[in-house]
Each structure stands twice: as C-alpha cells, then as structure tokens.
Amino acid sequence: MACSSLFAVKILSPSVSSEAKSAASVRLRVRVGTSRIQTAVQTPAAAEAAAVVAARLEPRVEERNGYWVLKEKFREGINLQEKIKIEKDPMKLFVEDGVNELAKMSLEDIEKSKHTKDDIDVRLKWLGLFHRRKYHYGRFMMRLKLPNGVTTSAQTRYLASAIRKYGKEGCADVTTRQNWQIRGVVLPDVLEILEGLADVGLTSLQSGMDNVRNPVGNPLAGIDPHEIVDTRLYNNLLSHFITANSHGFTAITNLPRKWNVCVVGSHDLFEHPHINDLAYMPAMKNGKFGFNLLVGGFFSIKRCAEAIPLDAWVSADDVIPVCKAVLEAYRDLGTRGNRQKTRMMWLIDELGIEAFRSEVAKRMPQKMLERSSSEELVQKHWDRRDYLGVHPQKQRGLSYVGLHVPVGRVQADDMDELARLADDYGSGELRLTVEQNIIIPNVKNSKVEALLKEPLLRDRFSPEPPLLMKGLVSCTGNQFCGQAIIETKAQAMKVAEEVMRQVSVTRPVRMHWTGCPNSCGQVQVADIGFMGCMTRDEKGKPCEGVDIFLGGRVGSDSRLGDVYKKAVPCKDVVPIVVDILINRFGAIAREREEEEQ
C-alpha cells in the first residue's frame, strides 16, 4: 500500500509570516475556518476580538542566522530551559562543533562557568546526551534514534563495544519508544562514539529535550501476516526529515517541549497511538490510501491526556508535509512559561481543535487539509496478539521469535549474543518493542528449534516467560536517573516474583513501573501501574513508595488508568497487588490452587 512517490518528499525550510501583528497573549477559545478567521459581525467589540485573535496567532519565534529563537516581546515569564536556549542554541554544539571543545575540557573547568555547566546539563540533551549528575557524576546516558525499532547486528555489536569499556557503569536499555539507551558514557569518549554511530548508520541527534522523539511503528512491520501497512518506510522518512538526514534540522529543534510521533500499521495498535502528539491512523479515502490524524496525547506531572482526532486525512504523499505543519504550528504558537503546561495538548485546548487545525492547514503546501475519512482500516474489535514466542511470518517458511527482556535491561555480552543469534538464525536484524522486548525476525522454520535451545533464550531472554513477566515494564529508576524518586527495575522484578509465588494468573497482566510523575514507564496505560513517590511507613519514617494506578488499556479500546491507591510504601505493595489480581483479574491463590488439585 505504500506509495513510491513518498521518496520524492523534500525537507522544506519552515517560513513565518511577516504580516502577523503584535499584541498581548490572551487565553481564548476561538472558531476558525480552514484558511482565515471568520468575522461575520463587524462591530467595534468584534473588531477588537479579531485583533486579539490575530495577536494570539502571531508566531512567537523567528529565524536568525539559521536558528529559531523566541522573539523578545514573548520572553516575559519564560521557563529556565527557554532562557538557556536563548543564551545559546543547543544545536550549535553539533552544527558548529561545540561538543568538540567541551570534550577537551575537564569537568572541573566545565563547572567553573555557568555557560559550560548548562552545556553538559541541558544543551547536550539535544545531542542525545544526558548527564547523570545526581547519581553518576561525569557520566552520561546516550539515547539513540531507531525509527520503527529496527536495528542490525552490526549496530548492536557496536553499541556493545561502546558500553563494555565502562564496566559496571556500562549497560543498555530497550526503551518504551522502541530505541536503545546506552549508559556509562564519559565526555572525552563522545566524539569517538558519535563517529562510530555514524559508521553503522545510527545517530543520537535530537533525541532529547525539546525535540521530536523516536518515531514508533509496528514491530512486526513487513513480516506481519495481518499488517495494514508496512510502517518502516514512513518512520524512516520521518526520522530523516526530523534530523535532516542526521545533519541536524534546526528549524524544529526549538519546540516548547518534547513531541512524540507514531505510524500505526497493525490492528493490535502496538504503537500506542493514543499517547502520541501525532499519530497516523491508516484510512482509505476515495480509493486512495492515507491516514487519519490523532493529536495531543501525552503524559506529564500535571496532566495526562489521550490523543484526539484532528478531523483530518492525508494521503501517503503528505506524511512529511503534515508532520512539518503540525510541528511548525506547535513551535510557533506554543506557550513557553510553566514547563508543565507546554506540551502540545495545552495549545490545542487553548485555541480549540478547529483553530489548531486551521493553523496546521495554512502551513501545508496546499494551504488546506481534507476532513477525516470514515474508511478506517484498523479493525475496532481485535484481540491484541502476543508477539513473544514463535510465530509464522507472511513470508513462507519463515518465523519471528519474540524474546522477553526483563525490564528492558541488557549488558554488553547480551548484546553481542543477540547480534550473533540474529546473524546465525535470522537475517542479521533485530526489532525493539515499546514493551522493552526484542524480536528476531526472518528465522527459517528449520532453525527455530535450535534457536530455542540457545543458552541466552533458556537463561535470560525467554520466548515464553511467566504470564506476570510478559507485560512487566520499567523506567530507568533512580539507579541512573536523577529525576526518579525510587528504584524501579530491581523492585519491579522483586514484586513480580513475590506475587507469582502467592497467586496464579490465567492471562497476562501488564504491570508498569515509573520512578517519577514524568511517567517514562507509562503507568497510565498499564493494567496495574506503579508511580514512584516518597511516603512514610507505619512508624512515620520516610520511605520509598508508589501511587498505584488501575484500568489502563491498550489496543482498540484504549484508555488511561486512574489512581487506585496513593502513597503505598514499596514494602507493602505485594499484598495489595495480590488482592487486585484475585479480585479483578481472576487470579487464584497458590494455597487454594494446590487444594483444588
């Protein structure tokens, strides 16, 4: 179904109208047509309202010497991160080779200047480098771009070699956005690592802070017998557009906040479209393939919101232009004050969906958007499939094998072994999933039995994990992340193991852990979610705790979960989970199970 003319899409430089008029910003919900503001009543009050509307729709940023900066008149009340961007555009560290100078400096010298201190703590995130000041001073996590979660054995081996030198500080995680994060990196090694990434076709560019995150797609793209469309093509195009083919696309690197995108290719909605800022939903219109658009889904400390329909359909040819238009509307009009109220949905709420849609439409090449199609291709009533284990591909004689990676954590030796298995049994390719697992595709059926006997699959990454382990997801936690309030990965494993000793379940139950309200572990989409907090134990002493969420769903009936119980000490979590599983998920206590036998 993919359209070959997609390859003709060009990366266009954004433009800003010079005709916008200046006025104070006003929070106002307005009705706007597809191309101009409707002002039917020309009274003085109406004229004043129209002027206010025009003022709110003035772009707040402008291009200066190749970078987009916030205009002086919109700088009052902006947050700290915006001030840091104004002092120096973070992309200069990459585009103008500023990272080279930083890498030559000692941390002591870097700390002497606020300017360079902000470089390593904030601006380097635009290059995918996150300083772990709080727990691992001087070391960085590096987040990669990996569109659609597709990686190769060569890339995996290189990442293994990059982290192996850091010993116990070095490891890697599969993230909830289908990509790799490597840990333990030190600044003097960054240039060499960046060169090594480029050599194997990887980049870490624009993977953090106010940038577009890794484009997510169907992990079974191209091999799924039931796929709607192969999402790899679109996500590759999106990733190349977002980073200007890994050269750095400064036109969209000064967003008000981070921004997530996915392309849906499965009835299972493995891509979780309802939690993305922009989601492409396959739909036909007048005999032509394209996508209906959802916008605004996000998690934050202040608020979580599901994506809503934009009432727009685009053909396959317009996947990139509409992404560009949405990003420009958000970049130009998004507020930059309270950091917790700067995600795109806040802008949509302020303007109203029709006004936001109009702003997107006028940034399209043809200055318009078609209304959404009723011919949606995702089946509404579809039992979400399990990709773990052995499954036949659409290609005759081949299977894919889904491996469970406990809470997404891998070591260098694991990565080398995964690369070997991909080469020996498959086509040298691995697929990462948003549930932090890994799929080996293109395994000849005659080789499946031998693959299942491999030590890594028997001892570490089982294709058939226990039911409660299948859906276990965890963020980094405070082992490495300075924002995390609690330790998550080891705790998630410990709780799951103890619960399994007490109850037996008949179906998978998705349990997600996140160390703080930023919800990188996406607890709101879990059957049972655990969000880190500090609380007090029965003696009144401070201790690690969690807020427990229930009721999140993924798939065609997706919804966000609600808080079930707040501030539960971590040591008291197991009996509560046991009770939830028995009363809500049909679990059976082990003692009762043994009696019935």
- prompt: For the range 219-288, what is the accessible area per residue in Å², given a 1.4 Å probe and the full set of protein chains?
  reply: 23
- prompt: In nm, to one decimal, how far is the modelled label at residue 317 from the one at residue 101, with both set 7 Å along Cα→Cβ?
  reply: 4.6
task: Can you tell me which of 237-249, 375-387 comes out highest on packing, and rank the rest after it, using the mean Cβ neighbours within 10 Å?
output: 237-249, 375-387
task: Under 16 Å Cα to Cα from residue 362, which aspartates and glutamates show up? Leave out anything in the same chain fewer than 8 places away.
output: 19, 58, 311, 318, 328, 332, 354, 370
query: For the chain, what is the charge dipole size about the Cα centre, in debye to the nearest 20, if Lys and Arg each add +1 at the Cβ and Asp and Glu each add -1 at the Cβ?
result: 1280
field: J(HN,Hα) series, the range 428-438, from Karplus relation 6.51 cos²θ - 1.76 cosθ + 1.60, nearest Hz, glycine and proline x
entry: x, 10, 10, 10, 9, 10, 6, 8, 6, 10, 9
- line: Stokes-Einstein, Kirkwood over Cα pairs, the range 79-178, 25 °C, 0.890 mPa s; D in µm²/s equals 161
task: Report, in deg cm²/dmol and to the nearest 500, the calculated mean residue ellipticity at 222 nm for the chain, where each DSSP H run with n ≥ 4 adds -39500 (n - 2.57) and the sum is divided by the residue count.
output: -8000 deg cm²/dmol
- line: Per residue, the convex hull enclosing the Cα atoms of the range 337-442 spans a volume in Å³ of 248
message: Set the bar at 29 Å for Cα to Cα. Now go through 73/125; 112/341; 73/112; 165/394; 104/341 and name every pair that lies beyond it.
response: 112/341; 73/112; 165/394; 104/341
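Taking a ≥ b ≥ c as the square roots of the eigenvalues of the Cα gyration tensor of the chain, is the shape rounded (a/c under 1.5), prolate (a/b larger than b/c) or oblate? Present the calculation step by step, with values, prior to reporting the outcome.
Working: a/c = 1.43, a/b = 1.35, b/c = 1.07.
The shape class here is rounded.
Please calculate how many Å² of accessible area the range 332-478 carries per residue, with a 1.4 Å probe and no DNA, RNA or ligand atoms counted. Kindly include the intermediate steps, with their values, before the conclusion.
Values: 5770 Å² over 147 residues.
In whole numbers, the range 332-478 has 39 Å² accessible per residue.
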message: Let's test the formula: R0 of 41 Å, r as the Cβ-Cβ distance of residue 284 and residue 541. What FRET efficiency results, to the nearest 0.05?
response: 0.10
field: Acute angle (nearest 10 degrees) that the helix 232-243 long axis makes with the longest principal axis of the chain, alpha-carbon atoms
entry: 50
- request: Please turn the phi angles of the range 341-346 into ³J(HN,Hα) values with the Karplus equation 6.51 cos²θ - 1.76 cosθ + 1.60 (θ = phi - 60°), one per residue in order, whole Hz, x for glycine and proline.
  value: 10, 10, 5, 4, 4, 5
field: Length-normalised contact order for the chain - Cα pairs under 8 Å, 6+ apart - percent
entry: 13
- prompt: Of 387, 372, 330, whose Cα points farthest to the positive end of the dipole of the range 306-450 (charges on the beta-carbon: +1 Lys, Arg; -1 Asp, Glu; origin at the Cα centre)?
  reply: 330
- request: May I ask you to derive the FRET efficiency for residue 168 and residue 506 from their Cβ-Cβ distance with R0 = 41 Å, giving the value to the nearest 0.05?
  value: 0.55
Amide H contacts under 5 Å for residue 438, placed H, 5+ residues apart: 403, 405
- prompt: So what are the ³J(HN,Hα) numbers for the range 386-392, from phi and the Karplus equation (6.51, -1.76, 1.60; θ = phi - 60°), rounded to whole Hz, Gly and Pro as x?
  reply: 9, 8, 6, x, 9, 9, x
message: Going by amide H atoms built from the backbone, whose H comes under 5 Å of the H on residue 503, apart from near neighbours?
response: 590
query: Helix 319-333 versus the longest principal axis of the chain: what angle, 0 to 90°, nearest 10, using Cα atoms?
result: 60
- prompt: For the range 287-391, rounded, prolate or oblate, judged on the Cα gyration tensor with a ≥ b ≥ c (square roots of eigenvalues), a/c < 1.5 rounded, else prolate if a/b > b/c?
  reply: oblate
task: Could you tell me which of rounded, prolate or oblate describes the range 475-548, using a ≥ b ≥ c as the square roots of the eigenvalues of the alpha-carbon gyration tensor, with rounded for a/c under 1.5 and, failing that, prolate when a/b is larger than b/c and oblate otherwise?
output: oblate
query: What is the set of long-range amide H partners of residue 224 at a cut-off below 5 Å, with H atoms built 1.01 Å from backbone N?
result: 394
field: Distance between modelled label sites at residue 354 and residue 424, nm, 7 Å Cα→Cβ extension
entry: 6.4
message: Given 4 °C and 1.567 mPa s, compute D for the range 160-202 with the Stokes-Einstein relation, Rh being the Kirkwood radius over Cα pairs; round to the nearest whole µm²/s.
response: 117
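Considering only protein heavy atoms and a probe of 1.4 Å, how much of the accessible area of the chain is carbon and sulfur, as a whole percent?
So the carbon and sulfur contribution to the accessible surface is 51 percent.
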- request: Once you have all Cα-Cα distances for the range 404-462, histogram them in 5 Å bins from zero and send the whole-percent values.
  value: 4, 18, 31, 30, 14, 3, 0
field: Model label zone, residue 584; criterion: amide N under 12 Å from point 7 Å along Cα-to-beta-carbon; scope the range 263-287
entry: none
query: How much net charge surrounds residue 327 when only other residues with a Cβ under 10 Å from its Cβ are counted (Lys, Arg +1; Asp, Glu -1)?
result: 0
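The values are calculated or read from the model by the stated rules, or taken from the named source; none is laboratory data. Quantities reported herein were computed from a predicted structural model and do not represent experimental measurements. Using ideal geometry, Cβ is built from the backbone for each residue, glycine included, and neighbour counts are taken over all protein chains shown. Heads up: the accessible areas ignore ligands, DNA and RNA and are worked out on the full protein's heavy atoms, side chains in. Shrake-Rupley method; radii C 1.70, N 1.55, O 1.52, S 1.80 Å.
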